[in-house]
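What follows is calculated from the coordinates using simple rules that are stated; it is not laboratory data. All values derive from a computational prediction rather than experimental measurement. Because the Cβ atoms are built from the backbone with ideal geometry, glycine has one as well, and the counts that use them run over all protein chains shown.
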Amino acid sequence: MKRSLLFPCTLCLIIGLLVGMLLPIRLWTDSSPRPVASNNAFTPPPVSPSQSENSSSAAAQKDPLNALDNFPLLNTACSVNRCIQQGDWTALSAYVHPDRGVTFTPYSTVDPRSDLTFTASQIKGLGNDQTVYTWGVEDGRGDPIQMTMLDYFARYVYDSDYTQASEIGVDRIMTGGNALENLAEAYPGCRFVDFSIPSADPVNDGLDWSSLKLVFEPGADAWYLVGIVHGEWTI
């Protein structure tokens, strides 16, 4: 009897894990101030035989159901999301890549010429930084985006409560517009989590969607934040 139940139970467990990865995620994990380490060193997602013939294509392809990588990645992304929501800049700074820093993109298209990069120590002192930075160009108007870090976070990072995002994608853009989505090309060797809030009111004809994309580079035993990309409808 026990042996006859073993296969159905195992099958249900596997299906449960897959469904949990594909359906919207509303369970938030502990927001420890330290980067969340994986039990194993980083292992690249498996590559199919056809992909291995083209190394550049293989590097661009990620397996969204590789649980060994996705669970630590999602755990870290949710913790970073929570740090930003709570304005805990000290905790957030612990996730920033110690050498590379974190780069901010106000709209979906990553632009190395204008996107600003900050160190972990700068993020830690974010709340007291009154410097007005130029972050890029405002969509539709062409005016420079000149804001303090706190003002930028309020407008171009956390313009919505992304702990309540109804759609979450791993290495997948959940909602997009007419802007070029070049995140994967701009951050080779990295992975990202897209917290997306689709259009909520049909009256707005889909123009009120927004997203928070967190980009991570794998370390020896942790995922480090290297990019924060804001998404919204653009002209």
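Overall dimensions of the stretch 94-235, expressed as equivalent-ellipsoid semi-axes from the Cα gyration tensor (√(5λ), whole Å, largest first), are 23, 19, 14. Using only the Cα atoms of the stretch 166-234, what semi-axes does the equivalent ellipsoid have when each is the square root of 5 times a gyration tensor eigenvalue? Give whole Å, largest first. One finds semi-axes of 26, 12, 8 Å for the stretch 166-234. The modelled label-to-label distance for the pair Asn128/Asp143, using points 7 Å beyond Cα in the direction of Cβ, is 3.1 nm. Working note: Karplus 6.51/-1.76/1.60 with θ = phi - 60° gives the stretch 185-193 the couplings 6, 6, 10, x, x, 10, 10, 9, 10 Hz, where Gly and Pro are set to x. Between amide H atoms placed 1.01 Å from N, distances below 5 Å from Ala179 occur with Thr234, all of them 5 or more places distant or on a separate chain. Relative to the globular-protein estimate of 2.2 N^0.38 Å, the Cα radius of gyration of the stretch 115-199 stands at 1.23.
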